[in-house]
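Please treat every number below as a calculation from the coordinates, not as lab data. As the structure is a prediction and not an experimental result, all values here were calculated from the model. When we count neighbours, we look across all protein chains shown, and the Cβ atoms used for this are built from the backbone with ideal geometry, even at glycine.
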Amino acid sequence: MEGAAVDVRFDSTHLFLDMSDGRAVSFPLDWFPVLQAATAAEREHLAISMDHQQLVWPEIDEDVNVPALLSFQSENAARSCDSPEGDFPASPPST
């Protein structure tokens, strides 16, 4: 199993994810329209699944699959290295 999610934080533009293997990764908040539209209090009210592979916001009915998100980020980071613009897609695949 890839690293497990241990903490989630936000600022006004990003979701920050701390992993059990020591990685700290960030994702643009506009990848998550439901979270972007949520209030700060709604974003902070989340649960990490017991296996640490799913982030769940019950009040706003949003779930994020951590391995899918990390895989999407890795694929696009590799792709951006080959691209002179270094562009990332607008949003990750639906989870």
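Give me a comma-separated list of calculated 3J(HN,Hα) values for segment 15-28, in order, Karplus coefficients 6.51, -1.76, 1.60 applied at θ = phi - 60°, integers in Hz, x for any Gly or Pro.
Couplings: 9, 10, 10, 9, 10, 5, 8, x, 6, 10, 10, 10, 9, x Hz.
At q = 0.24, 0.26, 0.28 Å⁻¹, what is the log10 ratio I(q)/I(0) for segment 5-82, with the Debye formula run over Cα points and no solvent?
-1.26, -1.43, -1.57
In whole Hz and in residue order, list the ³J(HN,Hα) couplings for segment 52-65 that follow from phi through the Karplus curve 6.51 cos²θ - 1.76 cosθ + 1.60, θ = phi - 60°; x for Gly and Pro.
Here the 3J(HN,Hα) series is 6, 10, 9, 9, 10, 10, x, 5, 10, 6, 10, 10, 10, 8 Hz.
Pull up all non-local amide H partners of E62: gap of 5 or more, or a different chain, and H-to-H distance under 5 Å with H placed in the peptide plane.
Counting only residues 5 or more places away or on other chains, the set is W57.
Name the long-range amide H neighbours of L15: under 5 Å, sequence gap of 5 or more, or other chain; modelled H, no Pro or chain starts.
Counting only residues 5 or more places away or on other chains, the set is F27, L29.
How would you rank M50, M19, going from fewest to most other Cβ atoms within 10 Å of each one's own Cβ? Show your work: numbers first, answer last.
On the way: M50 7, M19 17.
Least crowded to most crowded, the residues run M50, M19.
Would you please give the residues with an amide H less than 5 Å from that of V6, counting only those at least 5 places away or on a separate chain, with H modeled from the backbone geometry?
D18, M19, S20
Sorted by mean Cβ packing within 10 Å, highest first, what order do the peptides 26-33, 40-47 take?
On the way: 26-33: 16.1, 40-47: 14.0.
Going by the mean number of other Cβ atoms within 10 Å, highest first, we get 26-33, 40-47.
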